[in-house]
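A.B. asks: Dumping the structure here so I can ask a few things about it.
The values are calculated or read from the model by the stated rules, or taken from the named source; none is laboratory data. Not measured: the values here are computed from a predicted model. Cβ sites come from the backbone with ideal geometry, for glycine too, and all protein chains shown count toward neighbours. Note: areas computed on protein heavy atoms with side chains; ligands, DNA, RNA excluded. Shrake-Rupley method; radii C 1.70, N 1.55, O 1.52, S 1.80 Å.
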Amino acid sequence: MARHARFLIGRLAGYVAVVLVGITFIFIIPRLLPVNPVEAMLGRMMSQGAYMQEDQVKALREALSDAFGLNGTLLEQYLGFLRRTLLSQDFGPSLAMYPTPVKELIGQALPWTFGLLLASVLIAWVVGNALGLIIGTMPDSRTSRMLEAVAIIFYPIPYFILALVLSILFSYVWKVFPLTTTVRGAPWSWELVWSIVYHSFLPAVSIIAVTFGWWMLSMRALSSTLMDEDFVVYARLKGLARSRVLLRYVLPNAMLPQVTFLALQLGLMFNGSIIAEIVFSYPGVGSLIYTAILQGDYNLLMGTVSLSIVAVATATLLVDLLYPLLDPRIRHR
Amino acid sequence: MMRLPGKLALGAVLIGLIILVGPLAALVAPEDPRVWQTHPRNQWPSAEHLLGTTALGQDTFWLLSWSVRNSLMLGVSVAALATLIGVGIGLLAGYRGGMVDRVLSFLMDALIVIPSLPLLILLSSMTKGQTSLLAVGIILVIFNWPFPARQIRAVALSMRERDFVNLAWYSGESVGRILWRQMVPYLRGWAVANFINTILVVVAVESSLAFLGLSNDNVPTIGTMIYWALKYQALIAGRWWWLLPPIISIIVIFVGFFLLSNALADRLRVNPMAAR
């Protein structure tokens with residue numbers, strides 16, 4: 001029991017540390033830049049024709065500095081920033097959609113992103129691993145060769161290219177799927193469910209198409225080496241059914257690295273979903289980030305970027321905690 | 001499984017094609033593609049303009065070759081640096097162990113888990129498209145060395161128990177020499193495969209940023225080319241000769257390099273744990 005507790009504490013400490021490193025990055029980057037966000041914003045307001053007196057400008061500058069957490073010494077700023085990100089999640093009002101708080105906007109978008117990411121990552125993972133297992137155990141068949149060729153072509157293509165091509169083909173040339181998202185239907189109705197599935201279909205397909213190839217290729221490598229292991233050969237010679245050999249002997253042993261990698265890949269997949277959301281105008285965190293960029297909404301940008309790092313770190317932690325459940329041989333020392 | 005020479009040959013042909021259209025053609029380009037309005041706008045492909053002209057009056061073919069050249073240059077330099085740093089730090093962490101290892105491993109894990117795209121978006125949107133390629137490159141190096149480092153560390157951990165390493169140590173070799181002379185030779189093939197993969201990551205990230213309009217507008221890359229094409233409605237106006245070439249060339253780059261690294265990995269038995 002003490003062993004488990006020690007593992008848990010160590011892992012949680014690691015989690016806190018990762019989040020801290022991420023937040024520190026976000027804190028440092030804007031301060032290293034030659035541009036002062038307050039001056040940039042004031043400049044933008046001026047150029048949009050707002051006429052202000054000297055003392056009004058000064059008051060506004062103070063207010064903005066305060067809102068951006070730029071007052072006080074660097075240490076005070078840092079602590080204030082940590083407190084805002086981790087405890088209150090208060091990033092102030094969105095400047096583009098004033099006065100809706102950033103927190104509320106993110107709260108609306110987060111379920112969309114996580115729904116999309118969870119569904120597509122799981123589908124890609126299951127499909128990729130299942131196909132990988134099959135072709136790894138019969139490497140010379142025609143199907144295996146064809147599937148491998150497909151995986152080799154799809155795996156290296158960057159997300160945004162695939163997303164772009166899919167959206168050109170299916171929303172523009174053939175008009176099967178919508179170009180923008182307008183969700184219809186009352187809460188908890190079938191119409192709503194259908195509408196969500198309809199709008200998430202293309203983004204999900206693009207993420208699945210890019211990620212399943214990796215799972216398939218790595219699973220193929222794992223299972224083809226496992227087929228030569230003595231215990232698998234013995235099981236086969238013993239006359240066990242092929243399905244039993246695959247599911248009880250090969251699969252559990254190949255599962256472990258695949259789960260580890262799932263945890264490592266979550267961050268990369270999150271990057272992909274940002275792009276997919278922007279290309280398909282899907283109402284998740286990615287689109288929010290894009291709005292923030294286009295409108296120069298500093299508060300929204302800080303909020304989305306900080307929270308996405310915390311969210312990805314948390315998801316990774318959860319996968320890691322599930323890990324020992326899969327392999328009884330793992331003991332925490 | 002595709003036969004090995006096939007993969008290698010196809011990959012080499014694809015990359016050869018890209019180098020021909022990109023860096024080599026850019027050498028002999030008769031004009032600077034950054035200058036607008038040098039030609040009539042929106043011309044169809046013809047003998048004079050192989051891929052037509054853009055809505056900004058640039059020759060699409062020369063624009064493409066400069067874009068490919070710049071994207072590749074960024075990719076190659078970032079990948080080389082990230083792989084070198086990764087191998088160095090990974091070897092050090094694995095060989096030294098103890099406190100050094102713990103600190104470095106923690107740093108690697110933290111950097112791997114943090115999604116880098118949001119940070120890059122933050123950085124470039126605050127400088128509003130004025131981010132120099134150098135700045136993007138530095139950030140990409142920071143986020144890409146931990147991947148090789150983590151794996152090399154695992155190899156170094158097991159290798160330092162080997163007889164030949166012990167022998168070198170007993171003969172009084174310095175740490176640097178042990179790492180360089182005893183361990184690095186085993187990792188060369190693996191490092192090359194990693195280098196190629198990192199080129200792809202870098203090209204993908206830079207073009208994603210450019211696609212969002214966050215790269216430097218003055219440096220044509222494949223991503224900025226797609227961005228400008230979309231921005232000037234090449235899609236709706238059906239100007240395929242502007243939009244398709246960058247999309248096709250990026251797909252060729254990715255499939256080609258991936259085939260190369262894959263064939264290399266097969267040939268060299270690149271799994272570093274197999275270095276016995």
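A.B. asks: Would you be so kind as to list the residues of segment B:107-124 that have their accessible area lowered by at least 50 Å² in the full protein complex compared with their chain by itself (1.4 Å probe)?
C.D. replies: Buried by 50 Å² or more upon assembly, which counts only protein chains, are B:Val113, B:Ile114, B:Pro115, B:Leu117, B:Pro118, B:Leu119, B:Ile121, B:Leu122.
A.B. asks: Would you kindly calculate the mean projected area, averaged across all directions, of the convex hull enclosing the Cα atoms of segment A:219-333, in square nanometres?
C.D. replies: 10.3
A.B. asks: Nearest 10 degrees is fine. How inclined is helix B:116-126 to the longest principal axis of chain B, computing both from alpha carbons?
C.D. replies: 50
A.B. asks: Normalise the Cα radius of gyration of the protein assembly as shown by 2.2 N^0.38 Å (N = residues in it) and let me know the number.
C.D. replies: Details: Rg = 25.8 Å, N = 609, 2.2 N^0.38 = 25.2 Å.
Computed over Cα atoms of the protein assembly as shown, the ratio equals 1.02.
A.B. asks: Not counting ligands, DNA or RNA, and with a 1.4 Å probe, what is A:Ser287's accessible surface area in Å² rounded to the nearest 10?
C.D. replies: 20
A.B. asks: In Å², nearest 100, what accessible area do chains A and B bury in total when the solvent probe is 1.4 Å?
C.D. replies: Using a 1.4 Å probe, the pair buries roughly 4200 Å².
A.B. asks: For helix B:98-113, report the angle its Cα long axis makes with the longest principal axis of the Cα atoms of chain B; keep it between 0 and 90° and round to the nearest 10°.
C.D. replies: Relative to chain B, helix B:98-113 is tipped by roughly 20 degrees.
A.B. asks: Still on this structure: Counting only other chains, what is the mean number of Cβ atoms within 10 angstrom of the Cβ of each residue in peptide A:151-157? Mind dumping the intermediate values first?
C.D. replies: Details: counts 0, 8, 5, 2, 4, 13, 9.
Mean number of neighbouring Cβ atoms from other chains: 6.
A.B. asks: For A:Arg220, B:Arg177, B:Arg160, give me the order by solvent-accessible area with a 1.4 Å probe, most accessible first, ignoring ligands, DNA and RNA.
C.D. replies: Result, largest first: B:Arg177, B:Arg160, A:Arg220.
A.B. asks: Would you be so kind as to identify all helices of chain A, as entire DSSP H runs, whose Cα atoms reach 30 Å or more along the helix's own axis and whose mean Kyte-Doolittle hydropathy is at least 0.5? Write down the numbers at each step before the final one.
C.D. replies: Working: long enough: A:2-32 (44 Å, 1.42); A:102-137 (51 Å, 1.48); A:190-226 (48 Å, 1.08); A:251-279 (38 Å, 1.26); A:298-326 (43 Å, 1.64).
Helix filter hits for chain A: A:2-32, A:102-137, A:190-226, A:251-279, A:298-326.
A.B. asks: So what's the net charge close to B:Ala149: Lys and Arg +1, Asp and Glu -1, counting the other residues with Cβ under 15 Å from its Cβ?
C.D. replies: Values: positive: B:Arg96, B:Arg102, B:Arg150, B:Arg153; negative: B:Asp101, B:Asp109.
Combined, the nearby Lys, Arg, Asp and Glu give +2.
A.B. asks: Taking the Cα atoms only, what angle lies between the long axis of helix B:60-96 and the longest principal axis of chain B, rounded to 10 degrees?
C.D. replies: 10
A.B. asks: Based on the Cβ-Cβ distance from A:Glu104 to B:Glu31, what FRET efficiency comes out when R0 is 51 Å, to the nearest 0.05?
C.D. replies: Approximately 0.50, to the nearest 0.05.
A.B. asks: Between A:Thr73 and A:Asp230, take the C-beta separation as r, use R0 = 51 Å, and let me know the FRET efficiency to the nearest 0.05.
C.D. replies: Working from the Cβ atoms, E equals 0.20.
A.B. asks: Something else now. For the protein assembly as shown, what is the accessible area per residue in Å² when the probe is 1.4 Å?
C.D. replies: Normalised by residue count, the accessible surface of the protein assembly as shown is 48 Å².
A.B. asks: Now for a different question. With 24 Å as the cut-off, how large is the P(r) tail for chain B, expressed as percent of Cα-Cα pairs? Write down the numbers at each step before the final one.
C.D. replies: Numbers: 21573 of 37950 pairs.
That tail contains 57 percent of the Cα-Cα pairs.
A.B. asks: Shifting gears a bit: Using only alpha carbon positions, build the gyration tensor of segment A:102-292, then give the equivalent ellipsoid semi-axes as the square roots of 5 times its eigenvalues, largest first, whole angstrom. Display every interim value, and only then the final one.
C.D. replies: Values: eigenvalues 276, 60, 46 Å².
With the √(5λ) rule applied to segment A:102-292, the semi-axes are 37, 17, 15 Å.
A.B. asks: Can you tell me which of A:Ala96, A:Ala276, A:Ala235 moves the most in a GNM of chain A? Springs connect C-alpha atoms under 10 Å apart.
C.D. replies: The residue that fluctuates most here is A:Ala235.
A.B. asks: So, with a 1.4 angstrom probe, what is the percent of accessible area on chain A that is carbon and sulfur?
C.D. replies: Carbon plus sulfur share of accessible area: 67 percent.
A.B. asks: In segment B:197-212, what residues drop by 40 Å² or more of accessible area when the other protein chains are put back, versus the chain on its own? Use 1.4 Å, and skip ligands and nucleic acids.
C.D. replies: The answer is B:Phe211, B:Leu212.
A.B. asks: For an R0 of 30 angstrom, estimate the FRET efficiency from the Cβ-Cβ distance between B:Ala237 and B:Leu17 and round to the nearest 0.05. The partial results should precede the final answer.
C.D. replies: Working: r = 28 Å, r/R0 = 0.94.
That gives a FRET efficiency of 0.60.
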